[in-house]
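Following: one structure in structure tokens, then a few remarks.
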Amino acid sequence: MRYDDAAAFDSKMAHYGSFRNVNNYIILKGDNCPDFEEKCGYFGEKIVLKAQMLGLNTCWVALTFNKKMVKKLIPDGERFSMVIALGYGATAGVLHKGKNYKAVIISDGSEPDWFRAGAEAALLAPTAMNQQKFKIELQGQKAVIKVAGFGLYSKTDLGIVKYHFEAASGKKVK
């Protein structure tokens, strides 16, 4: 977490992304492992939702910040993903049109309530460019969430979606 540091959002790309006066952000970094991006999404979204509950605004940021400046803050041997801007936004955000329930699920049509609750929560999860490149399959009494097709940051999105599903359904997913 970085406080009172405007340097990360002092770039032409940041202004293109409509970021103004961003001084606080969370750096998503860690040990390199096969599911690094998914873990960043999962645990990053836990932080995002907690911040929102505390009255702060957040924004996942992958492109529109000063990467050279932020990468200087990453210790050798650690991998960097992206940042989450944190503060009080000019607006609380804008709801984007997304896919409908049937477009993302795979089942025989008789989903239990926990599955439906999880899938509906997953549809509210933020994804890169609002692409919602995921499918949720009911396999017996388990849910499996997978990336569907290719999308920018789809592995990070997968972690975000899994967290939303689990938080709403009370069930772990694969």
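The values are calculated or read from the model by the stated rules, or taken from the named source; none is laboratory data. All of these numbers come straight from a predicted model, not from anything done at the bench. Reconstructed Cβ throughout: ideal geometry from the backbone, glycine too, with neighbour counts over all protein chains shown. Protein only, heavy atoms only, side chains kept; ligands, DNA and RNA dropped before computing areas. Shrake-Rupley method; radii C 1.70, N 1.55, O 1.52, S 1.80 Å.
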Worksheet item: Restricting attention to segment 52-70, and to residues there that are open to solvent by 60 Å² or more (accessible area, probe 1.4 Å) and among the hydrophobic types (A, V, I, L, M, F, W, C), which single residue is nearest to VAL94 (Cα to Cα)?
Response: MET53
Worksheet item: Looking at (1) assigned to a loop (DSSP other than H, G, I, E, B); (2) surrounded by 14 or more Cβ atoms within 10 Å (Cβ to Cβ); (3) at pLDDT 90 or above, which is the one condition that is false for VAL22?
Response: (3)
Practice prompt. Taking only segment 98-115 into account, find how many residues are modelled with pLDDT of 90 or more, more than 17 Å from MET129 (Cβ to Cβ) and open to solvent by less than 90 Å² (accessible area, probe 1.4 Å).
Written response: 8
Item to complete: Would you mention how many residues in segment 136-159 are more than 13 Å from the chain's Cα centre (by Cα) and open to solvent by 70 Å² or more (accessible area, probe 1.4 Å)?
Response: 5
Worksheet item: Can you pull out the residues in segment 98-133 that are closer than 24 Å to LYS172 by Cβ, without any contact (Cβ under 8 Å) to a residue 24 or more places away in the chain and part of a loop (DSSP other than H, G, I, E, B)?
Response: GLY109, SER110
Worksheet item: Between residues in segment 74-90 that are farther than 23 Å from ASP4 by Cβ and residues that are of a type in the set (Phe, Trp, Tyr), which pairs lie under 9 Å by C-beta distance while being six or more apart or on different chains?
Response: ARG79/PHE36
Discussion item. If a residue must be touching a strand residue (DSSP E or B) at 6+ places or on another chain (Cβ under 6 Å) and among the aliphatic types (A, V, I, L, M), how many such residues does segment 148-174 contain?
Written reply: 4
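Each row is one residue, and each column tells you yes or no for (1) open to solvent by 70 Å² or more (accessible area, probe 1.4 Å); (2) part of a helix (DSSP H, G or I); (3) at pLDDT below 95.
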{"position": "PRO34", "(1), (2), (3)": "yes, no, yes"}
{"position": "LYS39", "(1), (2), (3)": "yes, yes, no"}
{"position": "GLY44", "(1), (2), (3)": "no, yes, no"}
{"position": "LYS50", "(1), (2), (3)": "yes, yes, no"}
{"position": "ASP76", "(1), (2), (3)": "yes, no, yes"}
{"position": "LEU86", "(1), (2), (3)": "no, no, yes"}
{"position": "ALA92", "(1), (2), (3)": "yes, no, yes"}
{"position": "HIS96", "(1), (2), (3)": "yes, no, yes"}
Item to complete: Name the one entry in LYS172, LYS133, LYS162 that is of a type in the set (D, E, K, R) and open to solvent by 70 Å² or more (accessible area, probe 1.4 Å).
Response: LYS172
